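Remarks on the structure that follows.
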Amino acid sequence: MRWLWVLLLLFPSFATAYEAPPLAANPQAEARLKALAVELRCLVCQNQTLADSNAPLAEDLRREVREMIAKDMSDREIIDFLVSRYGDFVLYRPPWKLTTTLLWVGPFLLLGAGAIGLVFALRRRQKKMTDVTLSEAEHNRVTQLLSEGARRP
Amino acid sequence: MNRFLIPFGLFIVVVGFLAVGLTLNPRELPSPLVGKAAPQFSLPQLHDPGKVIASNDLKGQVWLLNFWASWCGGCKDEHPVLVHLAESGEVPIYGMDYKDQRNEALGWLKEWGNPYQIVAVDEPGRVGIDYGVYGVPETYVIDKQGVIRYKQIGPLREDILKTKILPLVKELQKQ
Amino acid sequence: MIPEIGHYALILALCVAVVQGVLPIYGAAVRNSSLMAVAKPAARAQFLLVLLAFCCLGYAFAEKDFSVLYVAATSNSQLPLHYRLAAIWGAHEGSLLLWMFILSIWMVAVSFFSTHLPEAMRARILGVMGLVSVGFLLFMLTVSNPFERLIPAALDGRDLNPLLQDPGMVIHPPMLYMGYVGFSVAFSFAIAALLGGTLDAAWARWSRPWTTVAWCFMTVGVAMGSGWAYYELGWGGWWFWDPVENASFMPWLAGTALMHSLAVTDKRGGFKAWSVLLAIMAFSLSLLGTFLVRSGVLTSVHAFATDPKRGLFILVFLAVVIGGSLVLYAWRAPRVGLGGGFAIISREGMLLANNVLLVAALGSVLLGTLYPLFLDALDLGKISVGPPYFDTVFLPLMTPAIFLMGIGPLAQWKKASLPALAIRLRWAFGVSLVTAVAVPWLMGQWTPLISLGLLLAFWILTTIVVDLRERLLQAEGGGGIGGRIAMLPRAYWGMVLAHCGVALFIVGVTMVKGFEMEQDVRMNVGETATLGGYVFHFDGTEQFKGPNYIAARGTFRVTKDGGEVTVMYPEKRRYFVQNQTMTEAAISPGFLRDLYVSLGEPLEGGAWSVRLYHKPFIDSIWGGCLVMASGGVLAVSDRRYRLAWRRKEAAVPATAQIARPTVS
């Protein structure tokens, strides 16, 4: 029986299942690919990222990006590579340009305009409130109503 | 009264844009390479795999580069137009067999006709990516200096040929 | 024969709709009671006719009548019955019929539950809804007829898109449409008020329950869409800021702003014109959504097959309805009075600041969605605007809104003191901050965004506790805590529940984005992969035949610390008719986490590429939405609405009504 124990000790893998290896050859590069691919557009799909698409062109582009990562190109260089071939359309994060300034600044302009509008509107209505004056008869009526109201249980 | 009309004013602007939008195609991607040097390539030829066709060889003439594949339906639609154009001899057409199998491509050309001077083979699709190809067929008009002057996305049609491409080719040939 | 009956029913419905749209509104203008009385029976007749048409189409689907073009395009003989029926709204024409059917449901509901409204008001409301239905019926009958025949009949149908062959398809579109179309009621209330010239607090009180119910449906509809995408699409995402998703989110934002604005108008009579504008905006965004999905103007996974003729029709309809409403608004709104005054720092002020933030967020989503179109139309190039933009822009706008959510309910009406509020809330802020920093630190991963998310979520919860405590201490109910809880109106509890739902939602989003784990592995039979403490054992795949597909079904045993947790069966399906391959991910849901396994591609030797996810708290995202909607339902069941429905207000003569001055 002793030899069986020796065998078990020498081959511990018999006792436990194999741990599956990661799919990608290089997990760090793959992680970088994923980070880039989620911000890139699959050009032949109906609005999907390069990371999620199964289209042949998407696979080709992922292969290209993987090779560029292996060549130690920076994120900026990889993005420039794709943009020079496919235009800004391939980026899901619109670049800062003259034509996209309104896009990026717009929401905060809206907020500012809304806040200013709100303050102005509130000030205007407060002025209108204080502009209303009561006549003598109306003033008496108000006093009378208030005293009646106070007497009610 | 004025400030209450602002919502209506904004709305009219948006409707205007939406109306124009109905005439546009959001999936069509114009090429950023128009006006830039055509990316260089050096690829084996379809009919003669031992020989190489390079983009540099084609400088000094105006030519058409047509990306096609035997598995592509739209290519079948545009093929008669290309054959007709090749017969007229107005401008040489060079083919780029994109992500295809050699036997299928040869058989396809035999069946439907071969309008190409030479067909280059881009089996992995890398040259396609360099040219910003995202579907087939796509056709580029390249001038004598090797600069891309026009990109046709989708099948070529007689009317586009007549109104856009041939006039451009004639003009470029005069240079 | 049956499809023709359905077709004729729609034609009749159009005639009724024209009558319903024109006579009551005219009758209200000239104060003719018999003309106004046409509204109720017309609405009910329309409901019956559209119901008939809907049933006829359902019958055609159930009986596999492929001589109807629409049935042939979206169904198949092998498609199970429940999906054949869901295919009614599987494509453009049928989904319009669903829209119309749901509109008729809301119309008939308004006709039953509006006995407490003045006659002229009800006539106008139903009249406006009638005009909207004229548009949709005309659209269907001219360019989108679901009953169009296919002669000769197809031998078999083209099948429903496999992505849609799922229980989500049965519930999500109806829920969503209930919300979209429900905002037409708030819209009709607003237009009716503008037409009639009486815009007062009573209008807001009547309009609130309808708005809230529509908002509840919208919340559930959007949440379902997100949940469905999560488990159906196979890549673990749940929100992509896709144009169609945005098209459903924008009316929801407008509806939320509207609910809060109506609270101010109801309580204090203020900002009526703004509430009216929001009501118009909410429904306008619903219509805009309809346009975006069907016109082909934007690219989207959800878009229906497009046709420029249809796009043009909807655009003209949109222009007429919204343009007309906004012109009416510009004309009538300036005459509307002001209501009670209040300081900038007050509950009203904070509710309105919340409105500004919500509308700014809405505007940003609209801007991002339409911007590619703007640039393309001006020939300035083609760009894409995706999640990176929306995520960057949405968060800074929503964060202050969430902070206000905590402060608003504690602020007094009319005038509040900021220093006093700060003192009351200092405990809440402290606890939130400490928890927000401690939790991620204890979990081993800290980023500023995670803490911000947790800070916001706990801020909502702690401020609710502070507010609740104060109110319960002040309440006069006898008999201890139970009595005092009962004293607080249901509307208050509805608000508490809905805000808790928001907190739960934020917890879900923060925890998933901050702590989710993913692994892409190559698994042979018998191998294991470990993720988040869970061990996944791959026991191989087997073939499985479904009603209209064949699948490779994998078996994954999941254990944790040696004990068995669950067994998961992801599938890779091939649907026969459209020859489409679908990945059916296996999900093991849980309160604290979801486990997600999806099969990638088969590799040599019986191995598969497998993607595993551990997503903590992701179900809180949709759980939070459901809690939000429950809060809305609770609020609507408040006493004042239940009493109002039972009580029939004495009919006020129309002359006296219009003579009443508009300043309240």
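The values are calculated or read from the model by the stated rules, or taken from the named source; none is laboratory data. From a predicted model like this one, the values you see are computed outputs, not experimental measurements. Don't worry about glycine lacking a Cβ; one is built from the backbone with ideal geometry, like all the others, and counts go over all protein chains shown.
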Review point. Can you spot a residue in segment C:108-117 that is surrounded by fewer than 24 Cβ atoms within 10 Å (Cβ to Cβ), in contact with a strand residue (DSSP E or B) (Cβ under 8 Å, 6 or more places away or on another chain), more than 22 Å from C:W215 (Cα to Cα) and touching a residue at least 12 places away in the same chain (Cβ under 8 Å)?
Key: no
Check your understanding: So which residues in segment C:63-85 are assigned to a loop (DSSP other than H, G, I, E, B) and either of a type in the set (S, T, N, Q) or outside the structural domain of C:P146 (by TED's automatic domain parsing) (or both), if there are any at all?
Key -> C:S67, C:S75, C:N76, C:S77, C:Q78
Practice item. State the number of residues belonging to segment C:38-66 that are in contact with a Pro (Cβ under 8 Å, 6 or more places away or on another chain) and either closer than 17 Å to C:E4 by Cβ or surrounded by fewer than 19 Cβ atoms within 10 Å (Cβ to Cβ) (or both). Key: 4
**Study point:** Filter pass, A:D80 being at pLDDT 85 or above, away from every other protein chain (no Cβ under 11 Å) and not in a helix (DSSP H, G or I)
**Key:** no
Review point. Within segment C:494-526, which residues are in contact (Cβ under 8 Å) with a residue 60 or more places away in the chain and within 14 Å of chain A (Cβ to nearest Cβ)?
Key: C:K513, C:E516, C:M517, C:E518, C:Q519, C:D520, C:V521, C:R522, C:M523, C:N524, C:V525
Point to revise | Among residues of segment C:526-539, those that are buried (at least 16 other Cβ atoms within 10 Å of the Cβ) and either of a type in the set (D, E) or touching a helix residue (DSSP H, G or I) at 6+ places or on another chain (Cβ under 8 Å) (or both), counted | key: 1
**Study point:** Meets criteria (of a type in the set (V, I, T) and without any contact (Cβ under 8 Å) to a residue 24 or more places away in the chain) for C:V393
**Key:** no
Study note, to complete from the structure: The lone condition C:P409 fails out of (1) of a type outside the set (V, I, T); (2) crowded, with 18+ Cβ neighbours inside 10 Å; (3) under 20 Å from C:L452 (Cβ atoms) is (3)
Exercise for review: Using the structure shown, decide if C:E584 is within 32 Å of the chain's Cα centre (by Cα) and acidic (D, E).
Suggested key: yes
Point to revise | Subset of segment C:50-72 that is touching a helix residue (DSSP H, G or I) at 6+ places or on another chain (Cβ under 9 Å) and of a type in the set (G, A, S) - its residue that is farthest from C:A153 (Cα to Cα) | key: C:A53
Check your understanding: Quick check: anything in segment C:213-223 over 12 Å from the mean Cα position of the chain (by Cα), touching a residue at least 12 places away in the same chain (Cβ under 8 Å), assigned to a helix (DSSP H, G or I) and closer than 30 Å to C:D520 by Cβ?
Key -> no
Review point. Just for segment C:190-212: of the residues that are part of a loop (DSSP other than H, G, I, E, B) and on the phi < 0 side of the Ramachandran plot, which one is nearest to the other protein chains (Cβ to nearest Cβ)?
Key: C:L199
Practice item. May I ask you to list the residues in segment C:46-93 that are over 30 Å from C:Q20 (Cα atoms), hydroxyl-bearing (S, T, Y) and out of contact with any Leu (no Cβ under 7 Å at 6 or more places or on another chain)? Key: C:S77
Practice item. Determine whether C:V365 is outside any helix (DSSP H, G or I) and in the same structural domain as C:S248 (by TED's automatic domain parsing). Key: no
Review point. Across segment A:1-41, what is the total count of residues that are of a type in the set (F, W, Y) and either at pLDDT 60 or above or surrounded by 10 or more Cβ atoms within 10 Å (Cβ to Cβ) (or both)?
Key: 2
Practice item. Hand me the list of strands (runs of 3 or more DSSP E) wholly inside segment B:21-89 holding 1 or more residues that are within 14 Å of chain C (Cβ to nearest Cβ) and without any contact (Cβ under 8 Å) to a residue 60 or more places away in the chain. Key: none
Review point. Listed residues B:A86, B:A19; which is of a type in the set (G, A, S) and closer than 30 Å to C:F374 by Cβ?
Key: B:A19
Check your understanding: Can you tell me which residue in segment A:20-58 is farthest from C:E604 (Cα to Cα), limited to those that are part of a loop (DSSP other than H, G, I, E, B) and among the acidic types (D, E)?
Key -> A:E39
Review point. Would you call B:P7 within 14 Å of chain C (Cβ to nearest Cβ), more than 19 Å from the chain's Cα centre (by Cα) and either at negative phi or not aliphatic (A, V, I, L, M) (or both)?
Key: yes
Revision key, fill the gap. Scanning segment C:180-207 for residues that are closer than 28 Å to C:A29 by Cα and within 17 Å of the chain's Cα centre (by Cα) gives C:V181, C:G182, C:F183, C:S184, C:V185, C:A186, C:F187
Check your understanding: Within the set of pairs 6+ apart or on separate chains, which have a first residue in segment C:120-141 that is in contact (Cβ under 8 Å) with a residue 60 or more places away in the chain, a second that is charged (D, E, K, R) and part of a helix (DSSP H, G or I), and C-beta atoms under 9 Å apart?
Key -> C:R122/C:K40; C:A123/C:K40; C:L126/C:K40; C:F139/C:R310; C:M140/C:E93
Point to revise | Selection from segment C:622-657 of residues that are modelled with pLDDT under 70 and among the β-branched types (V, I, T) | key: C:V652, C:T655
Practice item. Please enumerate the residues belonging to segment C:328-352 that are outside any loop (DSSP other than H, G, I, E, B) and farther than 13 Å from C:V276 by Cβ. Key: C:R347, C:E348, C:G349, C:M350, C:L351, C:L352
Practice item. Confirm whether C:R124 is more than 20 Å from the chain's Cα centre (by Cα) and crowded, with 22+ Cβ neighbours inside 10 Å. Key: yes
Exercise for review: Check segment B:150-158 and report whether any residue there is more than 11 Å from chain A (Cβ to nearest Cβ), surrounded by fewer than 18 Cβ atoms within 10 Å (Cβ to Cβ), outside any loop (DSSP other than H, G, I, E, B) and of a type outside the set (A, V, I, L, M, F, W, C).
Suggested key: yes
Check your understanding: Would you call A:L102 of a type in the set (A, V, I, L, M), part of a helix (DSSP H, G or I), over 26 Å from the mean Cα position of the chain (by Cα) and within 12 Å of chain C (Cβ to nearest Cβ)?
Key -> no
Practice item. Say whether the condition of being buried (at least 16 other Cβ atoms within 10 Å of the Cβ) and under 18 Å from C:I587 (Cβ atoms) is met by at least one residue in segment C:498-508. Key: yes
